Amino acid sequence: MLKNIPNNLSPEILKVLMEMGHGDEILIADGNFPSASHTANILRLDGQNAPEILQSILFLLELDDYEEGGVMLMKPKENEETPIIWNDYKEILQRTDNDHISILKLERFAFYEKAKKAYAIIATSEQALYANIMLRKGVIRIGDESLCWQE
């Protein structure tokens, strides 16, 4: 057991987050997303909800702020309302000092195509519709004292 690691992240997810490089993307998928048909690198977190997983991942992962779309969401159909869960995501981005990261909203089939290229997909049991959220890994800047082990 390690200290300060969110307890809802499996060892496999920690390994994947460590393997990812700048520009690699990871998808936190809701329970309706066809995860198995979109990747061979699927990480199951059955019984977990997307907002809690997002919070835990952002505790560890630096998001890409170099280009648009460090965060990507699946846009609902034109006549559907903005998903309520997106408010949760915005609050989490603010709490984790990621409110400067641009959010790109992709049409459903464009999102599916993007998901096929993701480094991994985390399959959750999230029941909210349009709760899929893709994160692009950024770089850790040298000199960030909060990231360094100190005596």
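Condition (residue is touching a Ser or Thr at 6+ places or on another chain (Cβ under 6 Å) and of a type in the set (Val, Ile, Thr)) applied to region 4-19: is it met by at least one residue? Reasoning before the result, please.
The initial filter retains those residues of region 4-19 that are touching a Ser or Thr at 6+ places or on another chain (Cβ under 6 Å), namely 6, 8-9.
Next, only the ones that are of a type in the set (Val, Ile, Thr) stay: none.
No, the conditions are met nowhere in region 4-19.
Being open to solvent by 30 Å² or more (accessible area, probe 1.4 Å) and either in a strand (DSSP E or B) or within 22 Å of Asn7 (Cβ to Cβ) (or both) narrows it down to one of Glu68, Glu52, Glu113, Glu81, so name that one. Lay out the reasoning, then the answer.
On the way: Glu68 fails: either in a strand (DSSP E or B) or within 22 Å of Asn7 (Cβ to Cβ) (or both); Glu113 fails: either in a strand (DSSP E or B) or within 22 Å of Asn7 (Cβ to Cβ) (or both); Glu81 fails: either in a strand (DSSP E or B) or within 22 Å of Asn7 (Cβ to Cβ) (or both).
After ruling out the rest, the residue left standing is Glu52.
Just to be sure I understand, how many residues within region 116-127 are of a type outside the set (D, E, K, R) and open to solvent by 30 Å² or more (accessible area, probe 1.4 Å)?
So the first thing to find is which residues in region 116-127 are of a type outside the set (D, E, K, R), and the list is 118-125, 127.
Filter once more, so that each one left must be open to solvent by 30 Å² or more (accessible area, probe 1.4 Å): 119, 125, 127.
Result for region 116-127: 3.
I'd like the residue in region 15-37 that is more than 11 Å from Arg136 (Cα to Cα) and in a loop (DSSP other than H, G, I, E, B) and, out of all such residues, is most open to solvent (accessible area, probe 1.4 Å).
Only one residue tops the list, namely Asn32.
Just the residues that are charged (D, E, K, R), over 13 Å from Leu54 (Cα atoms) and touching a residue at least 24 places away in the same chain (Cβ under 8 Å), please, taken from region 91-136.
Lys105, Glu107, Arg108, Lys114, Lys116, Lys117
Looking only at region 93-110, which residues are open to solvent by 40 Å² or more (accessible area, probe 1.4 Å), in a helix (DSSP H, G or I) and aliphatic (A, V, I, L, M)? Walk me through how you get there before you give the answer.
Going through region 93-110, the residues open to solvent by 40 Å² or more (accessible area, probe 1.4 Å) turn out to be 94-95, 97, 99-100, 102-105, 107-110.
From what is left, the residues that are in a helix (DSSP H, G or I) are 94-95, 108-110.
Residue satisfying the conditions is Ala110 alone.
The values are calculated or read from the model by the stated rules, or taken from the named source; none is laboratory data. The model shown is predicted, which means the values in this text are computed figures rather than measured ones. Using ideal geometry, Cβ is built from the backbone for each residue, glycine included, and neighbour counts are taken over all protein chains shown. What goes into the accessible areas is simple: the full protein's heavy atoms, side chains included, and nothing from ligands, DNA or RNA. Shrake-Rupley method; radii C 1.70, N 1.55, O 1.52, S 1.80 Å.
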